[in-house]
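Below: one structure, written as structure tokens.
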Amino acid sequence: MKKLLGLFLALAMSFPAGAAIVDNVEAIGRIDVIGADSNRTPVGFPTAASRVMAGLSADLTEDVKANVLFTYVTPWDGSLSGNTVNGYQDNIYLSAANVVLSNLFDCFELTLGRQFYGDEDSMTMYFGPKSGYMAATRQDPMSLEAAKLTYADDFKSVTLLAGKTAEDAPVVPGVSSYDIYGADIRLNLTDAMKAQVYGYALKESSADPEYTGFYGAKLSYLPEAFGLSLEAARGHEGNRLIKEGADTPYFVKLDASLNMDAFTPRAAFLYQKGMVSPFSTYAPGLVAGKYLTPEFNYGGVIANARIFNVGVDYNWKKMKFALDGFAFQDRTAQSAATLEADLTATYQHNESVELFAGVGYAKLGGDLKEQNEAQDATVYQLGTTIRF
């Protein structure tokens, strides 16, 4: 970090004052402040934290853009109280440092360096800052050191990826980094119907088998009146993409919603055997998915599970209210289900600033009841997100 900051300073001092080094420089980043309380706080889990992400984006030359973004996460538990300047500096890490070449050969976009990747609501692949409840209390955003090549037109988008996870922000405990190779193809079949097919191979030298990965597809039908989507994915292992092991993980996820102007009823169902991907950001519920099992990405509440969710959103002026009910149960329904009810409210102050609050109650069953030695759990949350 010191060498990187020193390099920036040296570059700045090596040009005469007023010299035009780059064009269209803009600040990029976000600030998240989130607090929560519960009658079942996990050991070592902070009740409040803040995350500051700040950096610059600039045009180096025509069709070449550079991005640099730093992140600092502070748990409000007093652990950094009285620290030195060097101690605070050690908690700042580089989240993004890349160049983007647009209109390459008049049709491609190439991104090189440390970067974010994927969609935040993805069941399988997302590297980047998580939004909303408890986002700032996890060590994110995760980043990729990668080369990403994209071709896109009105009908299709094809992305090829080769890289590795950033070693200073490990994704899975005990795994320093993964090499990742993959492709993501998206098609606009009609104005309302979208299709996606993806596949990724992962290599981790100390693992057995050395190669793992996953592949899947998603079909969405999204007219104005309602929405339907179905996604399925399977894991693989070995030295080729679709070579499955003896106990292959897989999932099927169905989502549905109905647009009734101010009201939006919705429902979701997930059936999952094992962990298809270590990079999933799916975290259902305020209690079971986000608070009682903060390590959900490595198993937690969604591995070997069947999850039902019904809910409704209500929009009123700048406010959005959401009421949700969840049933979490093991995949084969051999133990009692955990039942959860959540109520959340979001106030959109403007395009860049939102405030949110919520309360969740869960009657614990199965493994969650054994792990937390209780039959119920309540979580209260309050926070804000500022983007710039």
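Observations on the model:
- Cα-only Debye scattering, region 298-388: base-10 log of I(q)/I(0) at q = 0.12, 0.14 Å⁻¹: -0.49, -0.62
- Highest to lowest packing among 225-233, 67-75, scored as the average C-beta count within 10 Å: 67-75, 225-233
- Peptides 154-162, 276-284, 358-366 ordered by average Cβ neighbours within 10 Å, highest first: 276-284, 358-366, 154-162
- Carbon + sulfur, % of accessible area of region 83-133 - ligands and nucleic acids excluded, 1.4 Å: 56
- Cα-based reach from K148 at 16 Å (exclusive), listing lysines while leaving out same-chain residues under 8 positions away: K65, K164
- Surface accessible to a 1.4 Å probe, M319 within the full protein complex, Å²: 50
- Placing dummy labels 7 Å off each Cα toward the beta-carbon, the span from L160 to F321 is 5.2 nm.
- Sum of side-chain charges, E62 neighbourhood, beta-carbon under 15 Å (Lys, Arg +1; Asp, Glu -1): -4
- Accessible-area value, D59, 1.4 Å probe, nucleic acids and ligands omitted, Å²: 40
The values are calculated or read from the model by the stated rules, or taken from the named source; none is laboratory data. In this text, all values refer to a predicted model and were calculated from it rather than measured experimentally. Here Cβ is always computed from backbone atoms with ideal geometry, including for glycine, and neighbour counts include all displayed protein chains. The accessibility values were calculated without ligands, DNA or RNA, using every heavy atom of the protein model including side chains. Shrake-Rupley method; radii C 1.70, N 1.55, O 1.52, S 1.80 Å.
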